Structure formats: C-alpha cells, structure tokens
Amino acid sequence: MSRTRTALLAALALVAGASGTALAVVPGDVGIAAVPCTVDYKVQNQWDTGFTTAVTITNNSAAKSSWSLKWSYAGNQKVSNFWNSKISQSGTAVTANNESYNGSLATGASVSFGFQGTYSGTNAVPATFTLDGVTCNVDGGGPTDPGPTDPGTPGTGTRVDNPYAGAKVYVNPEWSANAAAEPGGSRIANQPTGVWLDRVAAINGAGGKMGLRAHLDEALKQKGSGELAVQLVIYDLPGRDCAALASNGEFGPTDIDKYKTQYIDPIAAILADSKYASLRIVTTVELDSLPNLVTNVSPRNTATPNCDTMKSNGNYIKGVGYALNKLGDVPNVYNYVDAGHHGWLGWDDNFSTTVQTIKQAATAEGATVNDVHGFITNTANYSALKEPYYTINDSVNGKSVRESKWVDWNRYVDELSYAQAFRQEAVSQGFPSGVGMLIDTSRNGWGGSARPTGPGAKTDVNTYVDGGRIDRRLNTGNWCNQSGAGLGERPQASPAAGIDAYVWIKPPGESDGASSAVPNDEGKGFDRMCDPTYTGNPRNNNNMSGALPNAPLSGHWFSAQFQELMKNAYPAL
C-alpha cells in the first residue's frame, strides 16, 4: 500500500470524524484492489456526556457464517447499551460479535447494529476497523502495513489484526505422535502446540527431529486453501534464564554476536522465504528474559548473580531488540513478547516496570514498538485462567484478600485479568492500540477431584482464599512440573476482550526440567525447583517445590505428567 494511499485514507478519516461518520471507500482510486470490507460508523445523536451510533458492515470477501468487528477509541468512550450485536470492551478496545440471527454475511451483503455510549472531551470516530482480523476500508493492508519496503526487505505479505482469527493452527506431528501413543492421548493429539527453537541445532533439526523448514513445509500441507498460523518459540538468548538452571541455554552471557548471527539471522532467513509467505507465523519471543531483569536483580532479595550480569551487560535488551527487528521485517511474522504471569509480575513494583523494560528492548537494535504485535502470558506456566470463587476486591472480617498468604498483596488473582490489564498498560506506555494478548492455557486447568466447587469458608481471609482458589499450587512462584495440574482451555481464537487467543505454547507432556542432575549435551542444568524434596527459596516464599518426581530433562517427554494433565483437565476431556 502506498504512502499516498495511506495519507489519503487518514485524511478522509479526519474529514469523516468532523461529521461523525467513518467513510467507507476512497472513490475513483484506479488500479487498487477492492477493499475486503467497508464499515460505515455514524454518530447519530450526541450530547454533553453521551452519544448513539449506527454501524453498517459490508462484506466484500467470501461469505461468512459469523463475524467479529473490532476497533479502538482514541479517547475515553465507553459502550453502555447495544442492539443487533454483542459488544464487549476492554480499555479502549471494542469487539462487536454477531447475534445468532444475523451471523450470515454473504459476499456483497451488509449488516447493521447500533449502540449507546458515554464520553468526555472529544468523541473522535475510530480510525481503523477490522472484520475477522482483516482491516476494512483499506486495500488489503493490515494495521501494521509497513508501506514501501526498504531494499532487501523480505516477503510480500501483509499482517492482519489477529493472526488466529479465521485460521487453523499448526499441529506439530512430532508432539501429536507422542500424545497419540499415550493411553487416552488421541483425545488431544490433534491440538496445536508451539514449536520450540531452543538451540541452534533445532533450526536444522537435531537428533532425528524436524527442523524449522520441515515444520513450515508440513504447515503448508496442513494449510490447504485456508489460513493457517504456525507457533514458534524463539528461546536462545545469551545467558538464558538467568534465575533458573533447568533451561539454561548454550550461549554464554557475552555471546550476543553468536546469538545474532548463528541463531536469529538463520531463522529470519528461513521465515523470509517467499515459499512461506502465505503462512501466519506467530513467534513467542524469549520467555522469562525481560521479566528477570525486573524481579531477579539487585537489590531484590530474589536477585541472582547471573541476572545482575545480564542487567549490567544489556544483552537481554540487545538480543530481544535484535530478534524483534529482524523477525519483524518479515511481513507475515507476528511477534508476541513474553510478559511473565500474574504471580510473577502482578505486584505494583513489577507491573509497570515490566512494560517499561519491554519497551526498552522493543526500541533497541533497530526495533520499534510496531515490531511488537502483542504479548503472551503464562507461557509454560500454571496460573489459573480465571478464579471464579473470589476476586481481588473481596474482604473477610475486614481483611482484603490481598492480605492473604496466597495473594500476598498482588493486584491480580488470575491470568485473564492480568493479561487484559497488561495490554492496557502497554498501550498507555506507547505500544500500538491494536496489540493483542495470548494466554498459554496448556497446563492451567486445575480440574479433577481437588478442584473447588464454591467459595471457601469466611472463617478468615486465608481460609476463604485457600478454600476457593482453583490454582492448587503451594505458591504462585512454583513453576516446575507441578503436581495436580491439568490441561486448560483448548486453543481458540478471540476468546475474551483484548485476547487474540488461548494457546498451548508449552506442549503438554514435555518436562520443565529434571528432578535430579542429568548429564547432557543440551546446556541444561539442574534446578532444585524441579526436585520434589526441595524446601524452596525467596522466589516461592520458601515453600516446597510441588514438583512431580522422576522428571526428565526440560523438553523431553514426561509420560507421568501427560497422564496427570489429562486426568485433571478442565474443561474435562
């Protein structure tokens, strides 16, 4: 899409805003492909604090049996009542889904709905609308359409708002075979999981395993004529996982140049191959790295010498920035940066600082915030998606649940509320308003016989929280092969406001780390948090580790864990 075309649309949007209407089409634009959809957003009535709006969608693409329209406000508008659609709002982001009676939308057909809202100050018309992840009123470009490419910029694709919307997701045949070989495993063997590129050898394939090209070739076969997203984990920073040992990497703390040239550059070159331009490639970028620079450095009592080293040498910031820049140059790549989980970063002194740290990385080594498509929480972790039986606002006998030993003054009690708040904080700090969130639900179901069925007794605040909490860990700092865990929500697109998808990035049944020291050539050490006899450290408030016994090295198949995850799945299998 040309800069002139972009500017013209922007100018028309401003004109439209003055009259309360978002214009749908640029007339007389010769030689430009038809827009995939148009949206007419018309403010019908407006008064000092409120307004009513009529919205008409016209579908110029293939017929639809359901639809979802998204936009974001530049001001403080809030939708209060709506008709002919189901509308939800998270911060400035609004989603309108069809009702049961108006989901059918043929090619060339239109559908209308309306709503009432409140505002103060100005009531500007939204600049961008996306229908099922595709930007409307624009000639096929997405919200991060890069415009003219620099010489040598790879690929020709354009991004959609949500890479999971309207798309299948790649099923890793290697994981699928492991799952299917387990008793009962065929029930979930067709679920999509992440492909972990956790060392240089994984790019070309090691130990008989598929390499990156082999996975992408298989993805093209699975894609067929529809859309398909492939989930990759970018995970090999120098001095990787400075606060743990089970997943230490192959590069030393100062090996930033090796990380760039031996790891990121080869991955970027493969992803930029035009052969794969039709795939939606979703990357989870360097989990655990940037959050460690917030919580596990001096003067915190959770500090480690390794994290202090990575903070001082800046190689986490440089490495993530370089990865975002290089991978973000590929037009069909969607970068989601790891944002920890609520039990790690939900406290006042961690939350905003984490966003600041991610932004520092997202503007390093040539990267910009536009190289970040969103954020992912709970990767390879166990935090409950929703706590249905208590909220952060509850109190017992005059004591807030924040004072309980479990919550321990955190601002959040579950992953969904944390992820939605994290997105809002990121936008407020300058990330694009269209950023979305992913939540890894591969092991946070916490079903089975131990799952509470109602609130805890209001004897005291600890009894109330402990009796009703879904997350049955001994402490939210426990992260390794947790006993009693279960499969969580199945992967799905657009499950809640601000959430692009629930995903299984951590393949269920793959170990977090060995229960005891195991000699290996993978650079993986032994972390006592994977030892079921370990009595803990300051990062888990000196609780027992809660880990399963007899676990193999991280990433290796752990049959006992897989069986436990199926047994405790919620929703149940």
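Could you list all residues from the stretch 46-71 that are open to solvent by less than 60 Å² (accessible area, probe 1.4 Å), out of contact with any Pro (no Cβ under 6 Å at 6 or more places or on another chain) and polar (S, T, N, Q)? Listed by number, the residues that qualify are THR52, THR53, THR56, THR58, ASN59, SER68. With respect to being open to solvent by less than 20 Å² (accessible area, probe 1.4 Å) and in a loop (DSSP other than H, G, I, E, B), GLY513 fits the description. For the stretch 264-288, which positions are of a type in the set (A, V, I, L, M), farther than 16 Å from VAL320 by Cβ and buried (at least 20 other Cβ atoms within 10 Å of the Cβ)? Result: LEU271, ALA272, LEU279, ILE281, VAL282. Among residues of the stretch 534-557 that are free of Cβ contacts under 8 Å to residues at least 40 places away in the same chain and more than 15 Å from LYS405 (Cα to Cα), those with a Cβ under 6 angstrom from a residue that is open to solvent by 20 Å² or more (accessible area, probe 1.4 Å) and assigned to a helix (DSSP H, G or I), sequence gap 6+ or separate chain, pair up as TYR534/ARG528.
Within the stretch 242-263, the set of residues being hydrophobic (A, V, I, L, M, F, W, C) and surrounded by fewer than 23 Cβ atoms within 10 Å (Cβ to Cβ) comprises ALA243, LEU245, ILE256. Looking across the stretch 274-287, the residues that are part of a loop (DSSP other than H, G, I, E, B), at pLDDT 95 or above and of a type outside the set (Gly, Ala, Ser) come down to LEU279, GLU286. When the residues of the stretch 522-558 are narrowed to those that are in contact with a helix residue (DSSP H, G or I) (Cβ under 7 Å, 6 or more places away or on another chain) and not in a loop (DSSP other than H, G, I, E, B), which ends up surrounded by the most Cβ atoms within 10 Å (Cβ to Cβ)? By that ranking, first place goes to ALA547. Only one of the listed residues (GLY434, GLY456, GLY447) is assigned to a loop (DSSP other than H, G, I, E, B), surrounded by 19 or more Cβ atoms within 10 Å (Cβ to Cβ), small (Gly, Ala, Ser) and in contact with a strand residue (DSSP E or B) (Cβ under 8 Å, 6 or more places away or on another chain). That residue is GLY434.
Scanning the stretch 118-139 for residues being closer than 24 Å to THR92 by Cα and at pLDDT below 50 gives a total of 0. If only residues of the stretch 289-316 that are in contact with a strand residue (DSSP E or B) (Cβ under 8 Å, 6 or more places away or on another chain) and buried (at least 24 other Cβ atoms within 10 Å of the Cβ) are counted, the one that is nearest to GLY536 (Cα to Cα) is SER289. Of all positions in the stretch 560-570, at least one carries a residue that is surrounded by fewer than 20 Cβ atoms within 10 Å (Cβ to Cβ), under 24 Å from the mean Cα position of the chain (by Cα) and among the hydroxyl-bearing types (Ser, Thr, Tyr).
ASN97 falls short on exactly one of the conditions (1) within 22 Å of the chain's Cα centre (by Cα); (2) more than 27 Å from ASP48 (Cβ to Cβ); (3) of a type in the set (S, T, N, Q); (4) buried (at least 19 other Cβ atoms within 10 Å of the Cβ), and that condition is (4).
Listed here are the helices (runs of 4 or more DSSP H) enclosed by the stretch 309-400 that have at least 2 residues being under 29 Å from ARG472 (Cβ atoms) and not hydroxyl-bearing (Ser, Thr, Tyr): 342-345, 348-362. Is there a residue being outside any loop (DSSP other than H, G, I, E, B) and among the charged types (D, E, K, R) anywhere in the stretch 483-503? Checked the stretch 483-503: at least one residue is outside any loop (DSSP other than H, G, I, E, B) and among the charged types (D, E, K, R). Is at least one residue of the stretch 473-494 of a type in the set (A, V, I, L, M), open to solvent by 20 Å² or more (accessible area, probe 1.4 Å), in contact (Cβ under 8 Å) with a residue 24 or more places away in the chain and within 20 Å of GLY194 (Cβ to Cβ)? Yes, there is a match, as at least one residue in the stretch 473-494 is of a type in the set (A, V, I, L, M), open to solvent by 20 Å² or more (accessible area, probe 1.4 Å), in contact (Cβ under 8 Å) with a residue 24 or more places away in the chain and within 20 Å of GLY194 (Cβ to Cβ).
Of the set (1) in contact with a Lys or Arg (Cβ under 8 Å, 6 or more places away or on another chain); (2) modelled with pLDDT under 95, all apply to SER433 but (1).
Is there any pair with a first residue in the stretch 309-320 that is of a type in the set (Val, Ile, Thr) and a second that is open to solvent by 10 Å² or more (accessible area, probe 1.4 Å) whose Cβ atoms are under 6 Å apart and which are 6 or more apart or on different chains, and what are they? Matching pairs, first to second residue: THR309/PRO253; ILE317/GLN360; ILE317/ALA364.
Can you say whether THR56 is of a type in the set (Val, Ile, Thr), out of contact with any Cys (no Cβ under 9 Å at 6 or more places or on another chain) and farther than 25 Å from SER120 by Cβ, as far as the supplied structure shows? Spelling it out, THR56 is indeed of a type in the set (Val, Ile, Thr), out of contact with any Cys (no Cβ under 9 Å at 6 or more places or on another chain) and farther than 25 Å from SER120 by Cβ. Residue selection: VAL401 satisfies the criterion of being over 20 Å from the mean Cα position of the chain (by Cα) and open to solvent by less than 10 Å² (accessible area, probe 1.4 Å). Every residue in the stretch 62-85 that is of a type in the set (A, V, I, L, M, F, W, C), over 16 Å from PHE129 (Cα atoms), in contact with a strand residue (DSSP E or B) (Cβ under 8 Å, 6 or more places away or on another chain) and not in a strand (DSSP E or B), please. ALA63, the sole residue that qualifies. Those residues that are on the phi > 0 side of the Ramachandran plot and under 27 Å from the mean Cα position of the chain (by Cα), I need them from the stretch 524-559; list them, please. Within the stretch 524-559, GLY546, GLY555 qualify.
The values are calculated or read from the model by the stated rules, or taken from the named source; none is laboratory data. Note that the structure is a prediction, hence the values are computed from the model and not measured. Backbone-built Cβ (ideal geometry, glycine too); neighbour counts: all protein chains shown. Note: accessible area is taken over every heavy atom of the protein model, side chains too, but ligands, DNA and RNA are not part of it. Shrake-Rupley method; radii C 1.70, N 1.55, O 1.52, S 1.80 Å.
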